[in-house]
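Chemist: A single structure is presented below for examination.
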Amino acid sequence: MSMRIRMSALTALAVAALGAGTVLTAPVAGAVPKAAVPKFLSASQLPPHPSSSWTAGPVTEGFPEELGFCVSTEGVLDYDYRHRTFRTDLDATAVQLTVVTGTAGQAKALAKHYDDLIRTCAERAEAASPDVEAEGRDYGKLAVEEGARVRGVHTETSWGANDISLLSVGRDGRTVTVVQWGQMGDFKSAPVSAFKKTTTTAVNKLY
């Protein structure tokens with residue numbers, strides 16, 4: 001069973017628990033010029049899986065539902081969203097979102113907004129349901145372009161679901177990227193060093 005399916009109940013809980021937050025508006029976004037379209041991670045640039053290779057899906061318009069567990073479009077309007085999902089033959093999944101804003105200032109505010117959502121994700125998940133125990137960890141900043149930050153979120157439910165996610169937010173100019181990796185397990189099974197490398201690559205590929 002994929003992590004996306006296993007965590008659907010938690011996704012709904014976390015989204016329901018989101019506050020209004022800061023509204024980050026932008027001008028109505030038209031098509032991004034071809035030269036400005038950010039590049040995405042390839043399957044080979046994700047943390048290696050010990051027993052299965054990664055498969056990358058196509059780059060798709062819109063906001064990925066796979067990020068709904070911690071990150072959503074709540075309070076964010078009119079940006080250009082693109083995403084790419086990744087999977088293994090076993091339980092690991094990943095997704096990358098890129099958001100092209102109107103200015104570097106808007107991108108800076110959006111990156112902080114997304115990082116705040118990830119930072120408070122575990123707390124919001126627990127507040128939404130007594131059946132959920134969650135813990136978040138801060139793995140620090142990365143010195144790449146305008147910066148990136150990596151965090152981890154572990155969730156365990158009363159019905160036995162036990163999942164670990166690594167999430168990062170990075171920025172280059174007016175573009176923001178969010179990367180999420182996840183599988184069954186806890187913090188001990190999280191490939192933090194490899195995920196930091198993946199995040200650095202993702203931010204460097206934005207332009």
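The values are calculated or read from the model by the stated rules, or taken from the named source; none is laboratory data. If you're wondering where the values come from, they're calculated on a predicted model, not measured in any experiment. Don't worry about glycine lacking a Cβ; one is built from the backbone with ideal geometry, like all the others, and counts go over all protein chains shown. Please note that ligands, DNA and RNA were not included when accessible areas were found on the heavy atoms of the full protein model with its side chains. Shrake-Rupley method; radii C 1.70, N 1.55, O 1.52, S 1.80 Å.
Chemist: Answer yes if at least one residue in the stretch 121-135 is at pLDDT below 95, within 13 Å of the chain's Cα centre (by Cα) and not charged (D, E, K, R), and no otherwise.
Modeler: Checking the stretch 121-135: at least one residue is at pLDDT below 95, within 13 Å of the chain's Cα centre (by Cα) and not charged (D, E, K, R).
Chemist: Please indicate, with yes or no, whether at least one residue in the stretch 149-163 is open to solvent by 30 Å² or more (accessible area, probe 1.4 Å) and either aliphatic (A, V, I, L, M) or within 18 Å of the chain's Cα centre (by Cα) (or both).
Modeler: yes
Chemist: Let me ask another. Give the residue that is nearest to D163 (Cα to Cα), with candidates limited to residues of the stretch 91-144 that are open to solvent by 20 Å² or more (accessible area, probe 1.4 Å) and among the polar types (S, T, N, Q).
Modeler: T93
Chemist: Checking V76 against (1) closer than 24 Å to T155 by Cα; (2) of a type outside the set (D, E, K, R); (3) in contact (Cβ under 8 Å) with a residue 40 or more places away in the chain, which single condition isn't satisfied?
Modeler: (1)
Chemist: Step by step: first the residues of the stretch 178-207, then only those that are closer than 12 Å to L142 by Cβ and among the hydroxyl-bearing types (S, T, Y), then the one that is surrounded by the fewest Cβ atoms within 10 Å (Cβ to Cβ). Which residue is that?
Modeler: S193
Chemist: Right, here's the next one. From the list F63, F40, pick out the single residue that is aromatic (F, W, Y), in contact (Cβ under 8 Å) with a residue 40 or more places away in the chain and assigned to a loop (DSSP other than H, G, I, E, B).
Modeler: When all the criteria are applied, what remains is F40.
Chemist: Here is a follow-up. Report yes if some residue within the stretch 60-79 is surrounded by 15 or more Cβ atoms within 10 Å (Cβ to Cβ), closer than 17 Å to V203 by Cα and under 15 Å from the mean Cα position of the chain (by Cα); otherwise report no.
Modeler: no
Chemist: A further question on this structure: Output the residues belonging to the stretch 103-129 that are touching a helix residue (DSSP H, G or I) at 6+ places or on another chain (Cβ under 7 Å) and either in a loop (DSSP other than H, G, I, E, B) or not aliphatic (A, V, I, L, M) (or both).
Modeler: Within the stretch 103-129, C121, R124, S129 qualify.
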